[in-house]
1. Do any residues in segment 90-104 that are of a type in the set (A, V, I, L, M, F, W, C) have Cβ atoms under 8 Å from those of residues that are assigned to a helix (DSSP H, G or I) and open to solvent by less than 10 Å² (accessible area, probe 1.4 Å), where the two are at least six apart or on different chains, and which pairs are they?
2. Which of (1) at pLDDT 95 or above; (2) farther than 20 Å from GLN141 by Cβ; (3) assigned to a helix (DSSP H, G or I) does GLU21 not meet, given it meets every other one?
3. Regarding segment 80-91, can at least one residue be identified that is among the charged types (D, E, K, R), part of a loop (DSSP other than H, G, I, E, B) and at pLDDT 95 or above?
4. Among the numbered criteria (1) assigned to a loop (DSSP other than H, G, I, E, B); (2) surrounded by fewer than 20 Cβ atoms within 10 Å (Cβ to Cβ); (3) modelled with pLDDT under 95, which one does ALA101 miss?
Amino acid sequence: MIVVGVDGSEGGAAALEFAAEEAALRQDRLRIVSAWEVPVAAFSAGAAPPLDTALVDAIRVRAEQIADEAVATAKRLQPSLQVDAVTVAGQPADALLAQGADGDLIVVGRRGLGGFRSLLLGSVSQQVVHHASCPVVVVHQPATVS
């Protein structure tokens, strides 16, 4: 199984494109992972109002939409591909590492939606590279299709 992380970013789209092609070449299954978490600001030490369940639901629903869109894109790119998607509540790197624990390959984009655009490697891709139990591909080029 090939595991790929998607987050709605250009880096995630490039990773998905690579992973779909690689899974088709290997005749392997593709698992798409979309992780979501509530922003840290929502947990301010008593300074913020109680966490709004509508906000949590909106974040979860958006992650599910990203996963569904990624499945459709993967099937469009590689129609014969076996694809499934999971939406996981939690830190993206942890979700990818857990889903890829028994995988053949994890694919991530170089940069996602994080705030530090000047970094050469994003925090999620860096954590996955350092802690994965299988090979990892970090896709640097932008996606050719959307």
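1. Sorted first by the residue in segment 90-104, then by its partner, the pairs are ALA93/VAL128; LEU96/VAL128; LEU97/VAL128.
2. Checking GLU21 against (1) at pLDDT 95 or above; (2) farther than 20 Å from GLN141 by Cβ; (3) assigned to a helix (DSSP H, G or I), the one that fails is (2).
3. First, pick out the residues of segment 80-91 that are among the charged types (D, E, K, R): 84.
After this cut, where a residue has to be part of a loop (DSSP other than H, G, I, E, B) as well, the list is none.
No: zero hits.
4. Looking at each condition in turn, ALA101 falls short on (3).
The values are calculated or read from the model by the stated rules, or taken from the named source; none is laboratory data. All figures in this text were calculated on a predicted structure; none of them were measured in a lab. So basically every Cβ, Gly included, is an ideal-geometry build from the backbone, and we count neighbours across all protein chains shown. Surface accessibility is based on the protein's heavy atoms, side chains included, excluding ligands, DNA and RNA. Shrake-Rupley method; radii C 1.70, N 1.55, O 1.52, S 1.80 Å.
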